[in-house]
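Contents: one structure, followed by commentary.
The values are calculated or read from the model by the stated rules, or taken from the named source; none is laboratory data. In this text, all values refer to a predicted model and were calculated from it rather than measured experimentally. Every residue, glycine as well, gets a Cβ built from its backbone with ideal geometry; the counts of neighbours run over all protein chains shown.
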Amino acid sequence: MVASVSHIHFVGGEKGGVGKSLVARLLSQFFIDRARPFAAVDADTSHRTLLRSYEGYTQAVDLDVFASADEIANRALAADRSVVVDLPAQSSRALERWMQSVDLVRFCREGAIGLTLWHVTDGTFDSVRDLERSLHLWRDSFTFVAVRNHGRGRDFSLFDESEGRRHVQERGRVVDLPELDAAAMSRIDRTCASFWAAVNATEGELALTPMQRQRTKMWLDRCYGALGALEGVG
């Protein structure tokens with residue numbers, strides 16, 4: 001990833017249920033824990049998971065409304081920081097329309113704003129196909145990071161053997177997101193807890209058991225290790 005004054009991280013994957021919001025939340029907590037300037041944008045109008053988990057950092061937008069989607073760029077322009085955007089499923093057409101309406105790629109290049117597309121995959125045929133479509137559409141516009149989410153998929157052989165993986169490795173990186181204990185993950189999602197709260201809350205509805213908190217802490221450490229290896233994150 002090219003170092004920039006600001007950097008917009010679009011977290012997508014087109015297919016529903018692959019863990020896009022999970023990766024957006026993880027990136028948000030990564031920046032918070034490292035005291036790196038960032039802002040979050042929740043474009044998933046159906047769920048608003050990022051907004052509910054990181055309300056103090058997050059602005060809701062609608063990609064179908066240009067004035068609303070413009071806030072993604074505005075947040076990158078407002079300060080030298082990273083902007084994490086949680087995209088909804090099947091959002092490529094709306095995202096493309098908005099990007100073309102302002103020639104976002106040229107605008108960001110002229111403003112030294114980096115653009116990265118995080119494609120979260122569960123390894124299935126549909127997910128691999130969606131990655132290849134995204135590469136065909138945007139391979140010259142974004143740095144790509146493909147995320148193999150082991151919490152949502154077990155077999156990544158289709159992805160590993162695909163042209164999409166080869167192209168991603170030419171343009172960016174492939175990272176692995178380890179699986180978190182299902183009981184802990186379910187509790188975190190049900191309560192809309194931030195990962196900070198998941199690790200630190202000891203009382204109330206948010207509180208995990210001591211062992212669940214320990215597993216979550218270890219999981220975060222492994223995830224941060226993968227993210228920290230990506231040159232230019234932050």
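Only one residue in VAL84, VAL128 is in contact with a Ser or Thr (Cβ under 6 Å, 6 or more places away or on another chain), among the hydrophobic types (A, V, I, L, M, F, W, C) and more than 20 Å from SER6 (Cβ to Cβ). Which one?
VAL128
Quickly run through the range 93-144 and pick out the residues that are closer than 13 Å to LEU63 by Cβ and surrounded by fewer than 17 Cβ atoms within 10 Å (Cβ to Cβ).
Those that are closer than 13 Å to LEU63 by Cβ and surrounded by fewer than 17 Cβ atoms within 10 Å (Cβ to Cβ): ARG93, GLU96, ARG97, GLN100, SER101, VAL102.
I'd like to verify a number: residues in the range 160-197 that are of a type in the set (S, T, N, Q), assigned to a helix (DSSP H, G or I) and closer than 30 Å to GLU132 by Cβ, how many?
Within the range 160-197, residues that are of a type in the set (S, T, N, Q), assigned to a helix (DSSP H, G or I) and closer than 30 Å to GLU132 by Cβ number 1.
Tally the residues that are at pLDDT 95 or above and either touching a strand residue (DSSP E or B) at 6+ places or on another chain (Cβ under 7 Å) or hydroxyl-bearing (Ser, Thr, Tyr) (or both), restricting the search to the range 187-201.
Number of matching residues: 1.
Pairs needed: first member in the range 89-106, under 15 Å from GLY12 (Cβ atoms); second member anywhere, of a type in the set (Lys, Arg) and buried (at least 17 other Cβ atoms within 10 Å of the Cβ); C-beta distance under 8 Å; at least 6 residues apart or different chains.
That search, which allows pairs on different chains as well, returns ALA89/LYS15; ALA89/LYS20.
For the range 114-129, what are the residues that are in contact with a helix residue (DSSP H, G or I) (Cβ under 8 Å, 6 or more places away or on another chain) and of a type outside the set (S, T, N, Q)?
GLY114, LEU115, LEU117, TRP118, HIS119, VAL120, GLY123, PHE125, VAL128
Among the residues of the range 18-46, which ones are charged (D, E, K, R), touching a Pro at 6+ places or on another chain (Cβ under 9 Å) and part of a loop (DSSP other than H, G, I, E, B)?
Within the range 18-46, ASP44 is the sole residue that qualifies.
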